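Quick notes on the structure that follows.
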Amino acid sequence: MSRFIYKKWLLAIVTLMIGFNLRPIMASVSPIIPVLQNAIGMTNQAAGLLTTLPVAMMGCFALLGARLQSKVGEYEGVVFGLLAIVISCSARLLTYSTLLLIITSIIGGMGIAIIQTLMPAYLKRVATDNASIYMGLFTTGIMGGAAIAATISSPLEAVFGWNFALSVMAMPALFAIALCFFGMQRLTTTDKGYLSLPFKSKNAWLLMLFFGIGTGAYTLVLAWLPLNYIQLGWSRNASGALLGALTVAEVGAGLLVSLFITRFPDRRKPLFGVLLFILVGLLLMVYMPSQLPLLTVVILGVGIGGLFPLSLIVALDYALNAKQAVSLLAFVQGGGYLIASIFPLMAGALIDASSDLTNAWIAMLFGVVLLLGICMKFSPKGFSIQF
């Protein structure tokens, strides 16, 4: 019995730590965008690319997830993905141009995409009855890594320079590789086939659209929240700390989802709740950004932090086995991340054109209203995916 409990805790720690490494390559950039603009002449559109390209890579590689799993398996794929993150972060120590930063973003995005596609399938295989709980932990780790990276990048830049601030997150990725060696099972299967992506299923397209718009809100806030408050007169450290506070709220919401998701077999109730939080947060961001900044980011963080794991859990609910999980999540994440990748780039273009983010937040408001309508369709019994 004690060995069983040990394995459950080890799986939880490994899951959290792997997730922890999937956002720092993006979250560490946004608080020091003004520094990068002064140091290497980077435009706001180029800054948007540093978030857009990893997210786009996540989408492109996720679409190949089923083929990838049939070739290399979950363990090998996750370790390879973490190694790509180590390489991309480490390379930033010696990077002195926008182009090279963009290249490191692409490499890191590839690694993140591989992990995000294969890890849910791994959890479906090793924890069939509790996959939703571990998925909640996985996404909580993702948001926790973003919180720490956003909080420490500006203080590190002030002491050690921007290259070190962007490269230091290679260290937890190395630690995660070591944890994988001891804590991940090397699962094998005699059936190396894979399911095709569910292009013909209208419900799969709905899940993709839902995930894409919801993740777009996440990437938009991740990329541009600090600059929004810098433009309002906040210091770089304070605006980075504000993003850190938002992501701490996301982590808290993600943990609550992990703890209580089994009490909601009908996922529409928690989905509707977190979407209302995002709606209120965006309204505050548009109309009262300076009056209640901490309350605004906490409300946004709770909403986004709950929506991200719930979006993946809902998709996982409609997969009956590991093969279906890989196929459906590859489709949902692949197309969804491609949709989400547009958001930070468009916001960067808006800033270069008008020096203001208000229109981006307003556009996101309409997206959340659309999500409220879509989530009502996710019935536990009347909604299914045709593979």
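Read the figures in this text as sums done on the coordinates, not as results from a lab. Just so it is clear, the structure is predicted and the values come from calculations on it, not from any experiment. Ideal geometry is used to build each Cβ from the backbone, glycine not excepted, and the neighbour counts take in all protein chains shown.
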- Item | Pairwise label distance in nanometres, F164 with L94, each label 7 Å out on the Cα-Cβ vector | 1.9
- Task: Would you mind calculating the relative contact order of the range 126-282 from Cα pairs under 8 angstrom and at least 6 residues apart, reporting the percent as a whole number?
- Result: 47
- Cβ-based net charge around L275, under 14 Å, with every Lys or Arg adding one and every Asp or Glu removing one: +4
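Let me know the charge dipole size of the chain about its Cα centre in debye, to the nearest 20, where only the beta-carbon of Lys, Arg (+1) and Asp, Glu (-1) is charged.
Working: 21 positive and 10 negative charges, 229 e Å.
Charge dipole of the chain: 1100 debye, to the nearest 20.
Can you put M346, M119, M171, M58 in order of Cβ neighbours within 10 angstrom, beginning with the fewest?
Details: M346 18, M119 24, M171 13, M58 29.
The most exposed by this proxy come first: M171, M346, M119, M58.
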- Item | Restricting the range 204-283 to trypsin sites (Lys or Arg not before Pro) in coil, as DSSP defines it, with at most 14 other Cβ within 10 Å | none
- Message: Normalised by the empirical 2.2 N^0.38 Å for globular proteins, what value does the Cα Rg of the range 17-90 take?
- Response: 1.32
- Gained length - K200 relative to S355, 0.36 nm times residue gap less alpha-carbon distance: 51.6 nm
- Among the DSSP H helices of the chain, those whose Cα atoms extend at least 24 Å along the helix axis and whose mean Kyte-Doolittle hydropathy is 1.6 or higher are 268-287, 293-317, 358-375
- Message: To make sure I understand, if each residue's beta carbon is the centre and we count other beta carbons within 10 Å, what order do L101, L207 fall in, fewest to most?
- Response: L101, L207
- Task: Rounded to the nearest 0.05, what FRET efficiency do Y287 and L370 give with R0 = 25 Å and r taken as the Cβ-Cβ distance? Could you check?
- Result: 0.75
- Message: Using 30 Å as the Cα-Cα cut-off, could you pick out the over-long pairs in K124/K202; K7/K200; K71/K202; K8/K202; K7/K269; K124/K269?
- Response: K7/K200; K8/K202; K7/K269
- Mind checking which aspartates and glutamates have their C-alpha under 17 Å from K381, skipping anything on the same chain fewer than 8 residues away? D266, D317
- Query: Which residues in the range 194-225 have a backbone N closer than 20 Å to a point placed 7 Å from the Cα of C60 along the Cα-to-Cβ line?
  - Reply: 197, 212, 216, 219
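How high is the relative contact order of the chain, in percent, counting Cα pairs under 8 Å that sit 6 or more residues apart?
On the way: 701 pairs, mean separation 111.2, N = 387.
Value for the chain: 29 percent.
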- Query: Once the Cα atoms of the range 127-257 are picked out, what are the Rg and Dmax in Å?
  - Reply: 19.0, 60
- Query: In deg cm²/dmol, rounded to 500, what helix-only [θ] at 222 nm does the chain give when every DSSP H run of at least 4 residues adds -39500 (n - 2.57) and the total is split over its residues?
  - Reply: -27500 deg cm²/dmol
- Mind checking which of M285, T151, V314 is farthest towards the positive end of the chain's charge dipole, using Cβ charges of +1 (Lys, Arg) and -1 (Asp, Glu) about the Cα centre? V314
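Short version: what are the Cα gyration tensor semi-axes of the range 280-380, square root of 5 times each eigenvalue, largest first, in whole Å? Before the final figure, lay out each step's value.
Numbers: eigenvalues 182, 59, 25 Å².
Largest first, the range 280-380 gives 30, 17, 11 Å.
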- Which percent of the Cα-Cα distances in the chain go past 37 Å? 14
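Please list, by residue number, every one of the trypsin sites (Lys or Arg not before Pro) in the range 119-217 that is coil in DSSP and has at most 13 other beta-carbon atoms within 10 Å. Walk me through the numbers before you get to the answer.
Working: sites: K124, R125, R186, K192, K200, K202; in loops: R186, K192, K200.
Listed in order of number, the matching sites are R186, K192, K200.
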- Item | Label-point separation in nm, F182 to S379, each point 7 Å along Cα→Cβ | 4.9
- Task: Any chance you could tell me what percent of the C-alpha pair distances in the range 215-274 go past 16 Å?
- Result: 55
- Note on the structure: Counted neighbours (other Cβ, 10 Å), sorted fewest up, put I351, I85, I148, I40 in the order I40, I148, I351, I85
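In the range 324-387, how does Rg compare with the Kirkwood Rh, expressed as the Rg/Rh ratio over alpha carbon atoms? Kindly include the intermediate steps, with their values, before the conclusion.
Working: Rg = 16.0 Å, Rh = 14.3 Å.
A ratio of 1.12.
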